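Report on the structure given below.
The values are calculated or read from the model by the stated rules, or taken from the named source; none is laboratory data. Treat the numbers as computed from the prediction; the structure is a model and nothing was measured. No Cβ is skipped: glycine too gets one built from the backbone with ideal geometry, and neighbour counts run over all protein chains shown. SASA here: full protein model, heavy atoms, side chains in, ligands and nucleic acids out. Shrake-Rupley method; radii C 1.70, N 1.55, O 1.52, S 1.80 Å.
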Amino acid sequence: MPRPVSASLLLIALVFTALSGYGTAQSARRPPTPLQSAVRALVEGRYDEVDAMTDKLDLRDPNVVAVKGRAAIARGRYKEADAMLTPQAQRAPTSEAALELGLLEQMLGQTEAPARLEKVASLAETSGDARELARAARALQALGRFQEANAAYREAAAQAPGDAAIESGWGDLLLQKYNNPDALRSYQLALQADSRWTPAIVGSARALEDDDPPQAVALATHALEINPSSVDAHIFLAEQAVDAANHVDARKSIDAALAVNPSSLEAHALSAGLAYIEDKQSDFEAEVAKTLAISPSYGDVFRVSGDLAARSYRFDEAVTLTRRALALDGHNSRSLASLGMHLLRTGDEPGARATLEASFKIDPYDKITLNLLRMLDTLDTFVTVRDGDLIVRMDKAEAPVLQDYAIPLAHKALSTFSARYQFTPKGPILIEIFPKHDDFAVRNLGLPGMIGALGACFGRVVTMDSPKARPPGEFQWEATLWHELAHVITIQMSNQRIPRWLTEGISVYEEKRGETLKLKDLNAAFQNPRTISLAYFQASLVVDHIVATYGDEGLRNLVRAFAQGADTDAALEASLKVDFGTMQSGFDQTVERMFGPMRRALRLPDGLPRDRNVDLLKEPLSSLQAMAAESPDSYPVQVALGRALLKSGQTNEAMQAFERAAALVPTARGKGSPHDEMASIALEKNDRPRAIAELIALVASDFNNIDAARQLADLLRQSAPDDLEKALPVYQRISAIDPFDASAHAALGRIAMKQNDPETASREFRAVIALNPVDRAAAYTDLAEAYYSSGKKADAKKQTLAALEIAPSYERAQELLLKLVDGRP
């Protein structure tokens, strides 16, 4: 498989090929033929010029009529196009005119389309001409014969390498089958041949929209600079604006598309979907009526609305809308696949499987459908536990450990949030925990990936990575489950209308040059990989600000306001009596109060070039000492000074520098952070109390640092074996990060026994046994003693006998058995 093409390489290709059209290189080219000039005008949206140019040519030529027909179709003049294409298609049933007529008939739902397209497709078997092969490939694609279409495009590209139309058409096929890297490569080859080939530019935008939305938008905007009449580009930009909750710009782009083609089915469908998610039911029905008047079987008007509803968390409505799509076009594999995805998100997995299988029978080359069916096969092997309104599904190898922790935690989260938000969610709530991240990603989107995601919530369905899906220390699965269950409350409470910036609330923060996003841009930031981490963290700060300023009741009122269909501005005004501008001012003050001193501490001293940051650790000790004296409140300088002093053997002075750095940025984390450095120095000096204190401070802010937690546990075990108050949270942290650490569970079990909590001890010792420890006899005896302490003598006897079966002479088990048999205390 060819290597994926990056967005930056694509831009380089665009710039390079644009420049190559000037200077001496241009003079070596042959002047375009009149028909080629007409095609150029068509690709650049100069449709009136197309008419003028083709009228001067032979209108008995199917190629000429095809270009003129495409210009008419681009402006929505479907009857006019049909009238000019039909005679040529009848005379030349495998011509370009026949292809364009077949595609038009298919779009309008006319019954003649399949037979006409079949005739064009036959060229794949009879022709060796590149353009005829590409024509056949496009017909095969329209007929759903994707493998044959791919083969025809491959042969056409081999016959005519560098043909922009062929490469772009092949890219469209690959994109339809979710092969974005190879699609992008085809578009690049098209643009290398012709930098102004707008179909390839728009195709590139679609290929990049998931990985780099800002770049995708830039490409679509560039396409409109070349062809302001590109309906495809306008629709793409409208879709991106909808995803960013920018409905004003979305409507402008839709209107621009309709100004070019008032009969654009895609534009009307998107307009209907936008009206639907804005709860403008009469506008929605009006757009549906307009669309179906153009093409009575165009079910996509409902499918698109369903997809937009799903993006707005309204999955039950998405199911209803997509069923309406299938009522018009029951054999549409894309609608069937969409329905299957929506049913998965409502928790109806049997219904989803049946629908996806129906889609797969029609189109066995749909990658998402195949992935989802395979994922469902994997789910069939999971253990399913129903506990009240919870259904939890786990890998059978992980369930013996996870279920004793996940289910109580889920109940606690839901009860906590229900009380806090004064709302009881509709159940049952389905929770699925995947040991393989790609299975989790497929469950959510149908494709592997979602590298940064740990969990997802669809209102009544929560999916997430299990602790084994990632190396220990990358995340805490309990925090992820808690986070996603909070979404259950807020999504349902808002009647599935809460904006993403508000429901996301708490996540991670990655500082971007000391800047924060404007509140009005938060939803859009969640679409941008470069700002999504900042968006998550800042969303949590906004929630903190709302609670601090307006109280819990204010936050509840805001969430409820969205349930009435209000947009963000209206919801803020109705619930908090504030607009974005006023809230922004208060939020800026909150951020400055919370992070202003720390942000200033993280800066380099004034006068030091920015690029010196990389070289700071290479500065001579004397230079660093001078910098520290002049800028005692610079965290980077203090850290660099501490390391330089440590390197020179001045450990006491290094400790002072690190102490100063830790005071400036108390939440610094990771290897080489001040608390980590000070713990290492203390251990070198055999100062265990100081090392313990520094590790406690590090673990308090570096929540996923399992190495530090394990080191701290070892030190506590050596220095303060009876200090349960310090040991308990450390082992709880280790278990939270890596629930498959048997030693942590064993330690928690022993602590629980010392605290006279045999129920908790039993849970921990059961986990130890499930993890198949080396000393199974001791593990069974630990569990037996816990059961005995809680009065469960039958269970205690069963575990004792299991221990003795492994080690008949194990004294602790023998003594416990005597107690059980004799009834001794």
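So which residues in region 40-58 are open to solvent by 50 Å² or more (accessible area, probe 1.4 Å) and under 46 Å from the mean Cα position of the chain (by Cα)?
Arg40, Arg46, Asp48, Glu49
Scan Asp255, Asp243, Asp283, Asp249 and give me the residue that is open to solvent by 30 Å² or more (accessible area, probe 1.4 Å) and at pLDDT below 95.
Asp243
Could you grab me the full set of residues in region 648-695 that are of a type in the set (D, E, K, R) and in contact (Cβ under 8 Å) with a residue 24 or more places away in the chain?
Start the filter on region 648-695 by keeping residues that are of a type in the set (D, E, K, R), which leaves 653, 659-660, 669, 671, 676-677, 684-685, 687-688, 690, 694.
The answer is Arg660, Arg669, Asp676, Glu677, Glu684, Lys685, Arg688.
Residue-by-condition table, conditions (1) assigned to a helix (DSSP H, G or I); (2) closer than 14 Å to Leu817 by Cα; (3) at pLDDT below 95:
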position	(1), (2), (3)
Gly749	yes, no, no
Val768	yes, no, no
Asn772	no, no, yes
Asp782	yes, yes, no
Tyr787	yes, yes, no
Asp795	yes, yes, no
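Hey, can you tell me all the residues within region 247-300 that are part of a loop (DSSP other than H, G, I, E, B), of a type outside the set (Lys, Arg) and out of contact with any Phe, Trp or Tyr (no Cβ under 8 Å at 6 or more places or on another chain)? Break it down into steps so the answer makes sense when it comes.
Narrowing region 247-300 to residues part of a loop (DSSP other than H, G, I, E, B): 261-264, 278-280, 295-299.
Restricting the remaining residues to those that are of a type outside the set (Lys, Arg) gives 261-264, 278-279, 295-299.
Of everything in region 247-300, those that are part of a loop (DSSP other than H, G, I, E, B), of a type outside the set (Lys, Arg) and out of contact with any Phe, Trp or Tyr (no Cβ under 8 Å at 6 or more places or on another chain) turn out to be Asn261, Pro262, Ser264, Glu278, Asp279, Ser295, Pro296, Ser297, Tyr298, Gly299.
If I go through region 443-479 residue by residue, how many of them are in a helix (DSSP H, G or I), more than 19 Å from Ala397 (Cβ to Cβ) and open to solvent by less than 10 Å² (accessible area, probe 1.4 Å)?
Result for region 443-479: 1.
For residues that are within 23 Å of Ile498 (Cβ to Cβ) and among the charged types (D, E, K, R), scanning just region 263-280, find the one that is most open to solvent (accessible area, probe 1.4 Å).
Result: Lys280.
Count, please, the residues in region 409-461 that happen to be basic (Lys, Arg) and closer than 26 Å to Gln732 by Cα.
Of the residues in that region, 3 qualify.
Being in a loop (DSSP other than H, G, I, E, B), within 24 Å of Gln36 (Cα to Cα) and not aliphatic (A, V, I, L, M), is that true of even one residue in region 207-223?
No, region 207-223 has no match at all.
Give me the pairs, please: first residue somewhere in region 86-104 and more than 15 Å from Pro114 (Cα to Cα) and in a helix (DSSP H, G or I), second residue anywhere and open to solvent by 30 Å² or more (accessible area, probe 1.4 Å) and among the charged types (D, E, K, R), beta-carbon distance under 8 Å, and either six or more positions apart or on two chains.
Here the result reads Gln88/Arg60, each pair linking region 86-104 to a residue that is open to solvent by 30 Å² or more (accessible area, probe 1.4 Å) and among the charged types (D, E, K, R).
Quick one: in region 177-216, which of the residues that are at pLDDT 95 or above and within 19 Å of Arg334 (Cβ to Cβ) is surrounded by the fewest Cβ atoms within 10 Å (Cβ to Cβ)?
Out of the qualifying residues, it is Arg206.
Could you check region 304-330 and list, in sequence order, the residues that are open to solvent by 10 Å² or more (accessible area, probe 1.4 Å) and not hydrophobic (A, V, I, L, M, F, W, C)?
Correct list: Asp307, Arg311, Ser312, Tyr313, Asp316, Glu317, Thr320, Arg323, Arg324, Asp329, Gly330.
Report whether or not Glu167 is free of Cβ contacts under 8 Å to residues at least 40 places away in the same chain, in a helix (DSSP H, G or I), in contact with a helix residue (DSSP H, G or I) (Cβ under 8 Å, 6 or more places away or on another chain) and open to solvent by 30 Å² or more (accessible area, probe 1.4 Å).
Against the criterion (free of Cβ contacts under 8 Å to residues at least 40 places away in the same chain, in a helix (DSSP H, G or I), in contact with a helix residue (DSSP H, G or I) (Cβ under 8 Å, 6 or more places away or on another chain) and open to solvent by 30 Å² or more (accessible area, probe 1.4 Å)), Glu167 does not qualify.
Sort out which residues of region 664-714 are among the hydroxyl-bearing types (Ser, Thr, Tyr) and modelled with pLDDT of 90 or more, and write them in order of number.
Residues satisfying the conditions are Ser673, Ser680.
Return yes when Ser204 is touching a residue at least 40 places away in the same chain (Cβ under 8 Å), within 30 Å of Glu49 (Cα to Cα) and either touching a helix residue (DSSP H, G or I) at 6+ places or on another chain (Cβ under 7 Å) or not β-branched (Val, Ile, Thr) (or both) and no when it is not. I'd like the intermediate steps shown before the answer.
Working: touching a residue at least 40 places away in the same chain (Cβ under 8 Å): yes; within 30 Å of Glu49 (Cα to Cα): yes; either touching a helix residue (DSSP H, G or I) at 6+ places or on another chain (Cβ under 7 Å) or not β-branched (Val, Ile, Thr) (or both): yes.
Yes: the conditions hold for Ser204.
Determine if region 376-387 includes at least one residue that is under 27 Å from Arg324 (Cα atoms) and either touching a Ser or Thr at 6+ places or on another chain (Cβ under 6 Å) or open to solvent by less than 60 Å² (accessible area, probe 1.4 Å) (or both). Walk me through it before giving the result.
As a first pass, look at region 376-387 and keep what is under 27 Å from Arg324 (Cα atoms): 376.
Filter again for either touching a Ser or Thr at 6+ places or on another chain (Cβ under 6 Å) or open to solvent by less than 60 Å² (accessible area, probe 1.4 Å) (or both), leaving 376.
Yes.
Within the bounds of region 346-355, is there any residue that is farther than 30 Å from Arg763 by Cα and open to solvent by less than 10 Å² (accessible area, probe 1.4 Å)?
Checked region 346-355: at least one residue is farther than 30 Å from Arg763 by Cα and open to solvent by less than 10 Å² (accessible area, probe 1.4 Å).
Please tell me if Ala233 is modelled with pLDDT of 95 or more, buried (at least 23 other Cβ atoms within 10 Å of the Cβ), under 23 Å from Tyr47 (Cβ atoms) and of a type outside the set (Lys, Arg).
Considered against the rule, which asks whether it is modelled with pLDDT of 95 or more, buried (at least 23 other Cβ atoms within 10 Å of the Cβ), under 23 Å from Tyr47 (Cβ atoms) and of a type outside the set (Lys, Arg), Ala233 comes out as yes.
For region 465-473, does any single residue satisfy the condition of being among the acidic types (Asp, Glu) and touching a residue at least 60 places away in the same chain (Cβ under 8 Å)?
Within region 465-473, none of the residues are among the acidic types (Asp, Glu) and touching a residue at least 60 places away in the same chain (Cβ under 8 Å).
Output the helices (runs of 4 or more DSSP H) that fall wholly within region 543-661 and possess 3 or more residues being open to solvent by 70 Å² or more (accessible area, probe 1.4 Å), or say none.
Fully inside region 543-661 and qualifying: 580-602, 621-630.
Just to check your reading of the model, which residue among His437, His483 is closer than 21 Å to Leu555 by Cα, without any contact (Cβ under 8 Å) to a residue 40 or more places away in the chain, open to solvent by 20 Å² or more (accessible area, probe 1.4 Å) and not β-branched (Val, Ile, Thr)? If you could, list the steps in order and put the result at the bottom.
Values: His437 fails: closer than 21 Å to Leu555 by Cα.
Criteria check complete, one pass: His483.
Residue by residue through region 679-698, note down the ones that are open to solvent by 10 Å² or more (accessible area, probe 1.4 Å) and part of a helix (DSSP H, G or I).
Scanning region 679-698 gives Ser680, Leu683, Glu684, Arg688, Pro689, Arg690, Ile692, Ala693, Glu694, Ile696, Ala697.
Per-residue answers, yes or no, for (1) modelled with pLDDT of 95 or more; (2) open to solvent by less than 70 Å² (accessible area, probe 1.4 Å); (3) more than 22 Å from Ile201 (Cα to Cα):
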site: Ala38; (1), (2), (3): yes, yes, no
site: Arg60; (1), (2), (3): no, no, yes
site: Ala74; (1), (2), (3): yes, yes, no
site: Tyr78; (1), (2), (3): yes, yes, yes
site: Thr86; (1), (2), (3): yes, yes, yes
site: Leu99; (1), (2), (3): yes, yes, yes
site: Met107; (1), (2), (3): yes, yes, yes
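Mind checking which pairs have a first residue in region 324-343 that is under 14 Å from Val304 (Cα atoms) and a second that is open to solvent by 20 Å² or more (accessible area, probe 1.4 Å) and of a type in the set (D, E, K, R), Cβ under 7 Å, 6 or more apart or different chains?
Ala325/Asp300; Ser335/Asp329; Ser338/Asp307; Leu339/Arg323
So His745 clears everything in (1) assigned to a helix (DSSP H, G or I); (2) closer than 28 Å to Asn705 by Cβ; (3) open to solvent by 70 Å² or more (accessible area, probe 1.4 Å) except one condition, right? Which one?
So the condition that His745 fails would be (3).
Scan Ala784, Ala761, Ala744, Ala779 and give me the residue that is without any contact (Cβ under 8 Å) to a residue 60 or more places away in the chain, in contact with a Pro (Cβ under 9 Å, 6 or more places away or on another chain) and hydrophobic (A, V, I, L, M, F, W, C).
Exactly one of Ala784, Ala761, Ala744, Ala779 is without any contact (Cβ under 8 Å) to a residue 60 or more places away in the chain, in contact with a Pro (Cβ under 9 Å, 6 or more places away or on another chain) and hydrophobic (A, V, I, L, M, F, W, C), namely Ala779.
Being charged (D, E, K, R) and closer than 30 Å to Leu274 by Cα is true for just one of Asp633, Asp579. Which residue is that? It would help to see each step written out before you state the result.
On the way: Asp633 fails: closer than 30 Å to Leu274 by Cα.
The unique qualifying residue is Asp579.
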